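All remarks here apply to the structure that follows.
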Amino acid sequence: MRPNEIVEALRRAVAAAPDDVILRLHLAEQLLLAGDRTAATVEVATVIAADPGNERARALMTRALTADEPSPPAGRAPAPDPDAAVPIEPTDAGSTEFDWSAAEEQVGSGVADPLFGADSADAPAGGTAPAGSPADRFRIEPPDITLADVGGMQTVKDRLYAAFLAPMRNPELRARYAKSLRGGLLLYGPPGCGKTFIARALAGELGARFMSIGITDILDSFFGASERNMHEAFLVARREAPCVLFFDEVDALGARRSQTTNSFTRTAVNQLLIELDGIDGANEGVFVLAATNQPWDVDPAMRRPGRLDRTVLVLPPDERARAAIFDYHLRDRPLSGVDVPALARESEGLSGADIALVCESAAEVALLDGVRTGVVRDITQKDLRNGLRQAHPSTGPWLDAARNIVLFGDDDGTYAELRAYLKKAKRL
């Protein structure tokens, strides 16, 4: 039986017995030998989704992601792609020879992707064919702010300095202590408290590129597409290193698999874990930051050492930080008699997003007055205080939910800092 016939026979057998793990892994091995690493990865991912601890499956995934498979023996050709067949013309001797010219025309020029083939962004996966290269689909930008633009939050800054800035700025000490330029950090806390702003400021402090990833950039209902998107996001970040790769609302991308019923979501989590491991040090110079309002919904495997192993609580801004936030949102607006320190004292409990809304409301009142009277006027302290009276802290519901987690959840010490804050705020 020819190799291609073996693969097709195994495909039929797997279709007849989709829960047979051994049979599916045997198919994946044959696909690797045939050079079809994309199809092999899909089969292995299916097994890992059902059995994350399967060592044979993880070993096969590692082979698919890293080492090149040996060339097929003489007379054995890679399994053809039924959706994009490359013509094979008979030679004078009657044997078959791969038509490289036709392949180049179909594939086009591009950067080889060890998992999804050459120029994977143009290759169809699961029925979709996104246009453009990975770099075109993921937004990469040089940030224009640094940690100096973040008011207050000294504890958060100290943690970032120890995790990222100190090793980056002291290469000799980094070499002496064998400290790698890689790592992951999870920012969590109430919504609207500046987690994304801090991540962007860290990139500016590092002199690194900034790449923000959301759920819509990754998740896809077509089988295998979410894993491909996750892999390509890390590929782009590695090419742009040093780079801060920021995952917003990571609880949606890395949700607890025990609470997930959708198979495509589970396999996306598996792929994220594989990428965070950075096989063979591939993540050197890639600083992974993630933000969430619900850290208790993040899969525990995400926080294993070597992944998102450091956690920073981003709390509602203190008085100094609130003053900086008022300054930031009022700096381009006409003001008259505004006392920012007084506003900072009177806004305790408000998040950064709440303060932005206060400033927006005050500007709106002044604008409407100008429309009604025909006289343009500045924003005053009275306008801002009226905005403060109408504002209600948006962090309250989150703090109530956090209190329940601290009191009744399985707290292994992860939320010790949160517990201390809730006691200080008299919520425990």
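The values are calculated or read from the model by the stated rules, or taken from the named source; none is laboratory data. Remember, it's a predicted structure, so these values are computed and weren't measured experimentally. So basically every Cβ, Gly included, is an ideal-geometry build from the backbone, and we count neighbours across all protein chains shown. All accessible areas refer to the heavy atoms of the entire protein, side chains included, with ligands and DNA or RNA removed. Shrake-Rupley method; radii C 1.70, N 1.55, O 1.52, S 1.80 Å.
Residue count for region 169-204 satisfying the condition of being open to solvent by 50 Å² or more (accessible area, probe 1.4 Å), modelled with pLDDT under 85 and out of contact with any helix residue (DSSP H, G or I) (no Cβ under 6 Å at 6 or more places or on another chain): 4. Just to be sure, is GLY204 under 17 Å from ALA237 (Cβ atoms) and without any contact (Cβ under 8 Å) to a residue 40 or more places away in the chain? Spelling it out, it is not the case that GLY204 is under 17 Å from ALA237 (Cβ atoms) and without any contact (Cβ under 8 Å) to a residue 40 or more places away in the chain. Consider region 6-28 and keep the residues that are touching a residue at least 24 places away in the same chain (Cβ under 8 Å) and in contact with a Leu (Cβ under 7 Å, 6 or more places away or on another chain). The one that is surrounded by the most Cβ atoms within 10 Å (Cβ to Cβ) is ALA28.
Name the residues in region 205-258 that are open to solvent by 10 Å² or more (accessible area, probe 1.4 Å), assigned to a helix (DSSP H, G or I) and among the hydrophobic types (A, V, I, L, M, F, W, C), would you? Listed by number, the residues that qualify are LEU206, ILE215, LEU235, ALA252. Could you count how many residues in region 411-428 are free of Cβ contacts under 8 Å to residues at least 12 places away in the same chain and either within 18 Å of ASN293 (Cα to Cα) or among the small types (Gly, Ala, Ser) (or both)? Residues meeting the conditions: 4. With respect to THR311, determine if the residue is open to solvent by less than 40 Å² (accessible area, probe 1.4 Å), in contact with a Ser or Thr (Cβ under 7 Å, 6 or more places away or on another chain), in contact (Cβ under 8 Å) with a residue 60 or more places away in the chain and not acidic (Asp, Glu). Judged against the criteria, THR311 is a match.
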